[in-house]
Amino acid sequence: MRRLFLTSLSLLFVCVAAMAQQTQPQPQPQPLTFYYEYTVVPGKEDEFMDLIKTVGAPVRDKLMADGVILAWGMETPVLRSPGGATNYIWFSVGNWTGVEKVLSAMEAQLSKIAADEAKSVKAAHAEKAMTTAERMQSALDMSKTRDWLTRDLVSNYGPPPAAGVMPITRYNFAKVKPGKGAEYRATWEKYNKPIFDKLLSDGVVLAYGLAVEEVKTEGDFTHFVWVATANMAGLDKISAAFQADRDRRTEDERKTITELFTSVTEPDKARALVTRSRIFRLPAPK
């Protein structure tokens, strides 16, 4: 959410401020993003993709057409690690009401599928086939499933990507010291946001945001920056843009920026994740 700072003179300032209070809309909450973190059993990747397309996708596509879901997708990490998640399904909504609608619709979908499967087996008097619920159990290590709910504090979006583009997304996690969240955000918005905005206007970045967990569950980070590009070449351009910004500054400026960030964070806790989109859906143009 962006605050509006007005600079003017005496009476003019009072008049403009009063008019702004009457006409300026109230800031709206930033979107929530729900992440399902899954670990797919080796060899079950195709089964998992089929389950997404036949079970979850119809629900999410319908809710997106209804304006509940703003976007959704499925991503896989570029770098694998022992015990790490293999797939992330996410959807973005405007508020908690949207979260409830999506979760309720998914529960209804699974209940309907289970009921239809039970009727089909009974009607056919056939040997019971593996149910959708059993397929999910066999395709996933459910003991490693984890959910996240995050909220963007700052976000910006360019035009929708060209058809067929599967974005690359980089997540940079930071642990901000207690009571330093406002300072961290102000420093990030002053020194990093303008670079991302320029990259967005140049078409290098598709979208970006500064986010936190809406429901705090993790102690290793407090904030994270996400940035989506059309391909990995975009990551090179982001690195070059940040390097160019720092290089044009004086040594004292660079030192100040470093000290501002390190004074409010725990640098040794910084981590990053890069993912490739396998499914990426936005609403159809109107």
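The values are calculated or read from the model by the stated rules, or taken from the named source; none is laboratory data. What you see is a predicted model, and the numbers here were worked out from it, not measured in a lab. All Cβ positions, even for glycine, are placed from backbone atoms using ideal geometry, and neighbour counts span all protein chains on display.
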List pairs: first residue in region 138-157 and assigned to a loop (DSSP other than H, G, I, E, B), second residue modelled with pLDDT of 95 or more anywhere in the structure, Cβ distance under 7 angstrom, at least six positions apart or on different chains. Asp141/Thr39; Asp141/Val41; Thr145/Glu37; Thr145/Tyr38
Leu6 passes all but one of (1) at pLDDT below 95; (2) out of contact with any helix residue (DSSP H, G or I) (no Cβ under 8 Å at 6 or more places or on another chain); (3) farther than 29 Å from Leu273 by Cα; which number fails? (2)
Go through Thr265, Thr222, Thr275 for me and flag whichever is surrounded by 16 or more Cβ atoms within 10 Å (Cβ to Cβ) and touching a Gly at 6+ places or on another chain (Cβ under 9 Å). Thr222
Output the number of residues of region 128-174 satisfying the condition of being of a type in the set (Val, Ile, Thr), in contact with an Asp or Glu (Cβ under 6 Å, 6 or more places away or on another chain) and farther than 19 Å from Phe91 by Cβ. 1
For Leu12, all conditions in the list (1) surrounded by 10 or more Cβ atoms within 10 Å (Cβ to Cβ); (2) at pLDDT 95 or above; (3) aliphatic (A, V, I, L, M) hold save one; what is the number of the exception? (2)
Would you say Gly203 is in the same structural domain as Glu266 (by TED's automatic domain parsing) and under 30 Å from Trp96 (Cα atoms)? no
Of the residues that make up region 182-190, is at least one touching a His at 6+ places or on another chain (Cβ under 7 Å) and more than 28 Å from Leu51 (Cα to Cα)? yes
Every residue in region 190-214 that is surrounded by 19 or more Cβ atoms within 10 Å (Cβ to Cβ) and basic (Lys, Arg), please. none
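Can we say Thr217 is among the polar types (S, T, N, Q), under 17 Å from Lys269 (Cα atoms) and surrounded by fewer than 16 Cβ atoms within 10 Å (Cβ to Cβ)?
On the way: among the polar types (S, T, N, Q): yes; under 17 Å from Lys269 (Cα atoms): yes; surrounded by fewer than 16 Cβ atoms within 10 Å (Cβ to Cβ): yes.
Yes; evaluated as a whole, the condition is true for this residue.
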Selection from region 57-66 of residues that are surrounded by fewer than 19 Cβ atoms within 10 Å (Cβ to Cβ) and within 18 Å of the chain's Cα centre (by Cα): Ala57, Asp61
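When the residues of region 131-179 are narrowed to those that are among the hydrophobic types (A, V, I, L, M, F, W, C) and exposed (fewer than 14 other Cβ atoms within 10 Å of the Cβ), which ends up nearest to Tyr36 (Cα to Cα)? Outline the logic, then answer.
Filtering region 131-179 for residues among the hydrophobic types (A, V, I, L, M, F, W, C) gives 133, 136, 139-140, 142, 148-149, 153-154, 162-163, 165-166, 168, 173-174, 176.
This time we only want the ones that are exposed (fewer than 14 other Cβ atoms within 10 Å of the Cβ), so: 133, 142, 162-163.
Details: Ala133: 17, Met142: 11, Ala162: 26, Ala163: 25 Å.
Per the stated criteria, the residue is Met142.
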Given the conditions (1) surrounded by 12 or more Cβ atoms within 10 Å (Cβ to Cβ); (2) more than 28 Å from Gly158 (Cα to Cα), and given that Ile257 satisfies all but one, which numbered condition is not satisfied? (2)
Filtered residues of region 255-274 (kept if in contact with a Phe, Trp or Tyr (Cβ under 8 Å, 6 or more places away or on another chain) and among the small types (Gly, Ala, Ser)): Ala270, Ala272
